[in-house]
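K.L.:
Structure in structure tokens, see below.
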Amino acid sequence: MSAGEPLLDARGVALIRGGRLLFDALDMCISPGDGIQLTGPNGSGKTSLLRLFAGLLQPSAGTVSSASIALADEHSALDRELPLGRALAFWGQDRLDVAITAFGLEPLSEVPVRLLSAGQIKRAALARTMATGTMLWLLDEPHNGLDREAVKLLDAAIAAQRGAGGAVIVATHLALAGEWRRVELGQ
Amino acid sequence: MIGALIRRDVRRGLAGPAWLPIAFFEVVAALLPFAIGPDARLLAAIAPGALWIAALTAALLPVERLIEPDRADGILDQLFLRGIAEESVAAAKIAAHWLTLAPLLLLAAVIASPLLALAGAPLVRTELALAVGTPALAALAVAVAALTAGLPRAGALAGLLLLPLAVPLLIFGAAASQGRSGALLLEAAVSLLLTAGSPFVAGAAIRASRT
């Protein structure tokens, strides 16, 4: 994908889940450097929209085209019995060291994933997302379980990603640092 | 990434669930002489068929561990986001399940053979037939694991789904173990069909299970 082209282009997207229309006629164009904050009441389809952008769900109508995408949702996708370092290494080594440092995970690399706290696992999942090196990150409630220090690390990682020509979509109700375009679902 | 996935699944299999089917297989073989009686000729006659039934049910035992944990942990989603087709994931899981199932099962059949008065040429034939049939057993187990992933009481449902599909394999496999002419070739054909088709069934099932 050359410079200037959008990282994600969604046109007229609708999604019906369990016989209920979550959203329709949704257009979204995401360019390098963008930050989108998805808000909306519980059950308004924020997670479903992120999974749809990731290609994990098919839209009921409309089209989505995108570059490669990284998704951090409620699932860690890390083997619970392995030490954190090895569990993360399964997903690729290339940029792993940078991502581990960015989320302050070096002291935990020998600790089995099953012994980590919820916040530590969230940081690990975010590091896994960062290590993919993809231009577009989809983050579903990334602040869940994070302490104040970790939120700062997350803000720094997001700022670096956007500064490097990437883009980030965050589904959250919390106030975010920096400039964000707000998209509200369920209106 | 596919190689890493196979290595990971083999490691996880050998760390626990792979040993359970083998123990189960040995238990069935050990119980048979008690149930049938100590007549060596009768035991030798029914041994191949009994070992096949034991192998079939043994392959089913880890079925809830094959796909569901990776679905629930989001690993299948992340593999998709890395651009790996669901069919490739399923093929990798079949290869890993076969690697943890087949060698142990063949070894277990040798260990069980004295209990069933199975020796010499019949033992070799049974081993050969099991070796030819195990890829299909592994492939069927992964396919039904994908079809039932996320459902309540998936294990029981998987058994009901798998058994009719495995009947041709059982017929030709048991016949090949008894040295019927041509049975081994027919077993190989059935095994090839099931092994080649299962990744597509499992891949489609993984896609359909996404919510």
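K.L.:
Can you name the condition, by its number, that A:Gly45 falls short on among (1) within 19 Å of the chain's Cα centre (by Cα); (2) farther than 25 Å from A:His143 by Cα?
P.N.:
(2)
K.L.:
For segment B:47-73, which residues satisfy the criterion of being buried (at least 24 other Cβ atoms within 10 Å of the Cβ) and among the charged types (D, E, K, R)?
P.N.:
Answer for segment B:47-73, where residues must be buried (at least 24 other Cβ atoms within 10 Å of the Cβ) and among the charged types (D, E, K, R): just B:Asp70.
K.L.:
Regarding A:Ala3, is this residue more than 14 Å from chain B (Cβ to nearest Cβ), modelled with pLDDT under 90 and out of contact with any helix residue (DSSP H, G or I) (no Cβ under 6 Å at 6 or more places or on another chain)?
P.N.:
Yes; evaluated as a whole, the condition is true for this residue.
K.L.:
Mind checking which residues of segment A:12-40 are under 21 Å from the mean Cα position of the chain (by Cα) and at positive phi?
P.N.:
A:Gly33, A:Gly40 - these are the residues of segment A:12-40 that are under 21 Å from the mean Cα position of the chain (by Cα) and at positive phi.
K.L.:
Out of all the residues in segment A:1-14, which are in a strand (DSSP E or B), surrounded by 14 or more Cβ atoms within 10 Å (Cβ to Cβ) and of a type outside the set (Asp, Glu)?
P.N.:
The answer is A:Leu8, A:Ala10, A:Arg11, A:Val13, A:Ala14.
K.L.:
Sticking with this structure for a sec: Can you tell me which residue within segment A:78-107, out of those that are away from chain B (no Cβ under 12 Å) and part of a loop (DSSP other than H, G, I, E, B), is modelled with the lowest pLDDT?
P.N.:
Here the answer is A:Asp94.
K.L.:
Let me ask something additional. For a quick check of your reading of the model, give me the residue pairs whose first member lies in segment B:149-166 and is over 15 Å from B:Leu56 (Cα atoms), whose second is among the small types (Gly, Ala, Ser) and modelled with pLDDT of 85 or more, with beta-carbon atoms closer than 7 Å and at least 6 apart or on different chains.
P.N.:
B:Ala149/B:Ser209; B:Gly150/B:Ser209
K.L.:
Restricting attention to segment B:1-51, and to residues there that are more than 18 Å from B:Ile111 (Cα to Cα) and among the acidic types (Asp, Glu), which single residue is nearest to the other protein chains (Cβ to nearest Cβ)?
P.N.:
So the residue we want is B:Asp9.
K.L.:
Would you confirm whether any residue within segment A:130-143 is among the polar types (S, T, N, Q), surrounded by 15 or more Cβ atoms within 10 Å (Cβ to Cβ) and in contact (Cβ under 8 Å) with a residue 40 or more places away in the chain?
P.N.:
There is at least one residue in segment A:130-143 that is among the polar types (S, T, N, Q), surrounded by 15 or more Cβ atoms within 10 Å (Cβ to Cβ) and in contact (Cβ under 8 Å) with a residue 40 or more places away in the chain.
K.L.:
Now a separate question. Within segment A:49-77, count every residue that is in a loop (DSSP other than H, G, I, E, B), touching a residue at least 60 places away in the same chain (Cβ under 8 Å) and surrounded by fewer than 20 Cβ atoms within 10 Å (Cβ to Cβ).
P.N.:
Qualifying residue count for the region: 3.
K.L.:
Looking at B:Ala112, B:Ala92, B:Ala119, which is the one that is in a helix (DSSP H, G or I) and away from chain A (no Cβ under 14 Å)?
P.N.:
Working: B:Ala92 fails: away from chain A (no Cβ under 14 Å); B:Ala119 fails: in a helix (DSSP H, G or I).
Within the list B:Ala112, B:Ala92, B:Ala119, the selection yields B:Ala112.
K.L.:
Can you work out which of the residues in segment A:15-44 that are in a loop (DSSP other than H, G, I, E, B) and free of Cβ contacts under 8 Å to residues at least 24 places away in the same chain is nearest to B:Thr211 (Cα to Cα)?
P.N.:
A:Gly18
The values are calculated or read from the model by the stated rules, or taken from the named source; none is laboratory data. Note that the structure is predicted; figures quoted are calculated from it, not measured. Glycine gets a Cβ as well: all are built from the backbone with ideal geometry, and neighbour counts include every protein chain shown.
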